[in-house]
1. Return the pairs, sorted by first residue and then second, in which the second residue is surrounded by fewer than 18 Cβ atoms within 10 Å (Cβ to Cβ) and among the aromatic types (Phe, Trp, Tyr), the first residue lies in segment B:90-109 and is under 16 Å from B:Glu217 (Cβ atoms), the beta carbons are less than 6 Å apart, and the residues are 6+ apart or on different chains.
2. When both residues are 6+ apart or on different chains and their Cβ atoms are under 6 Å apart, which pairs have a first residue that lies in segment A:52-80 and is closer than 21 Å to A:Phe109 by Cα, and a second that is part of a loop (DSSP other than H, G, I, E, B) and not small (Gly, Ala, Ser)?
3. Pick out the one residue from B:Ser234, B:Ser329, B:Ser226, B:Ser268 that is under 30 Å from A:Asn104 (Cα atoms), under 32 Å from the mean Cα position of the chain (by Cα) and more than 14 Å from every other protein chain (Cβ to nearest Cβ).
4. Which of the residues belonging to segment B:274-319 are within 14 Å of chain A (Cβ to nearest Cβ), small (Gly, Ala, Ser) and free of Cβ contacts under 8 Å to residues at least 24 places away in the same chain?
5. Free of Cβ contacts under 8 Å to residues at least 40 places away in the same chain, more than 23 Å from B:Val223 (Cβ to Cβ) and surrounded by 19 or more Cβ atoms within 10 Å (Cβ to Cβ): does that describe B:Asn160?
6. Tell me whether segment A:203-225 contains one or more residues that are over 24 Å from A:Leu126 (Cα atoms) and in contact with a Pro (Cβ under 8 Å, 6 or more places away or on another chain).
7. Going by what's in this entry, would A:Gly42 be described as surrounded by fewer than 22 Cβ atoms within 10 Å (Cβ to Cβ) and either part of a strand (DSSP E or B) or among the polar types (S, T, N, Q) (or both)?
8. For segment B:340-355, does any single residue satisfy the condition of being within 14 Å of chain A (Cβ to nearest Cβ) and in contact with a helix residue (DSSP H, G or I) (Cβ under 9 Å, 6 or more places away or on another chain)?
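Throughout, read-outs are computed from the coordinates displayed, never taken from laboratory work. As the structure is a computational prediction, the values presented were derived from the model and not from experiment. Positions of Cβ are generated from backbone atoms using ideal geometry, with glycine treated the same way; all protein chains shown enter the neighbour counts.
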Amino acid sequence: MILSVRNVVKIYELGSIKVPALRGVSLEVEKGSFVSIMGPSGSGKSTLMNIIGCLDKPTEGRVEIEGIETTKMDRSELAYVRNKKIGFVFQSFNLLPRASALANVMLPFLYSDQPKNHHRDKALKLLRSVGLENRIMHKPNELSGGQKQRVAIARALVNDPAIILADEPTGNIDSRSGLEIMALLQQLNDKGMTILMVTHDHSIAQHSRRIIHLSDGRIIREEIVKERKCALKELEKQSTLEREEMS
Amino acid sequence: MTLHEITHLSLEGLRANRLRSLLTVLGVIIGVSAIVLLISLSLEVRSQITGTIKSLGSNIYVVSPANPQSYNVQFVTSKLRPKHAKEIAQKNSYNVAVTPAIFRTTIVKYGKRTRSTTVITGTSPNLPYVRDWKVVRGRFLEKSDLVSNRKVCVIGEAVNRDLFRGVDAIGRTLVINGRNFKIIGIMERKGLFFNVNLDDQAFIPITTVQKFFNTDELNFITVKVSNAKHIEPSMDETRKILAKHLDENDFHVQSQGQTLDVFYQITSILTIMLGAIAAISLVVGGIGIMNIMTVAVTERTKEIGIRKAVGAKDSDILFQFLAEAIIISLMGGLVGIAVSYVAAYLISSLFPTFHFSISYLAVMVAMLFAFSMGTFFGVYPAYKAANLDPITALHYE
């Protein structure tokens, strides 16, 4: 089991008012799975992602990543887990604006205690694998939304994480680029990478293998995606249609 | 993170806002150069004063006509006489050399050239030994000159330069107070003693001064002791010898060391005071660093969030921002020191008699102060950055 979440409760205290964001969430994610968390805004999906991603701590409950409990860790240990075990892909990309694509991909290495000899080669290889071999020294403002998200995916992969947490990865890009990102995530999943994705878009969630529906801080339903969409095929279909329209 | 990585990261941060970083560095430059220049200046003044006092000769003490604690110092008439100097030389049980001095200012002339500032010093043959002062040409006064009241003189370097202008003065006649004196020697250059030009002197036999100026009131008796350890006991003996003939308020015995101590105290206070004033400007520079770093932390909140999301520990962020503050202060420190050297060079060029040089002590004090300042004023913004909540920081716009 890569990820185990048990009875997680999160209550925000705004002065004297207590606002429950998660009311006892439990889920398990196996190695190599591709899980979507869906729900309307305010359902607690981002809070759940933050807790799983070691950016926040639950009020109650426990979270284990690769069998290691993260809920009792201090800030420094959580930083270590974020660096080693988790790869983040954010809706707003969250790239350093002054750094090149390569420097952004290499950023997690800066905070890792691994020997530094092959860092650059590995980052270059990852940038090539996401199709950005010609954009290595470009800064984020010189890249399209889809390209920025590819840099973010390359950055997420650089430390060989146990799981990729993608928070609305297609939320800020056009639909074609969105499909390209989904194709990339599906390819990674096919190679064995575990992916947990938050989305409010049902058609995007259909690219994963399992969907967890969240509402008011509780899991209300789980479904296995029977007919999983293949982003690559959708892209080919779109291209054929475009070619036909042109002719 | 390695030190190299932290430095690289911090320099990148500073480069991102070049003008702002430069202006902050400027504050430190002004503070550091103020410290270096003012401390060096006061240390230089101290070394010039001590140098001047030491230039009077080594292992010496001076008997002057009045006790500085008596009220009428200004109007005192000297009761010291040549016989007192003789008695000290004869009766002091330590190995001493004694030279008396009578000073008179009068007009000296060579041909049509005149000088009105030259001090005529009536003294004895052992002055060069007592005062560590060499004769560069000719000879100094001899016993026979004193015995026969000879009209001979030894001139200082300034008198030689101004009146003779390259002509060999030895054997020529110098007119002192209307009387002809044969020049027998020229002294080496000695420089200024405070504002008195020691080279603007003409030495003549003390007996000749007594005769022509009709006075035997001594201005000073200088005593040289062969062993530095004997200065204090020898001074005590001299006091006892003089007390037999004179009232204790009619003379004062003070060693060079005592004079030095007084000036040391004064210049130490001066150094600390000037250093403290300059330090205030560096503190202002430090507040500038804190201000800029606080702004930088706010501006770069999102960056901090991103770094934390990919695994930066609180300490990594702390060191990154602290290093920026320290780099600003060290850069300011180094440039400030360079500025001080340039300023010292310019001051020395403009005032050649004032050999102004930068003190290493001042440089070290300033660098240490700048470094501490950067650390002290950098800690708060860096701590603020390190303790940002990753989620809040990530969502900061």
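1. B:Arg104/B:Phe213
2. What qualifies is A:Cys54/A:Thr70; A:Ile65/A:Lys85; A:Ser76/B:Lys313; A:Leu78/A:Cys54; A:Ala79/B:Lys313.
3. B:Ser329
4. B:Gly311, B:Ala312
5. Yes: the conditions hold for B:Asn160.
6. Looking for residues that are over 24 Å from A:Leu126 (Cα atoms) and in contact with a Pro (Cβ under 8 Å, 6 or more places away or on another chain), one finds at least one in segment A:203-225, hence yes.
7. So A:Gly42 does not fit the description; no.
8. no
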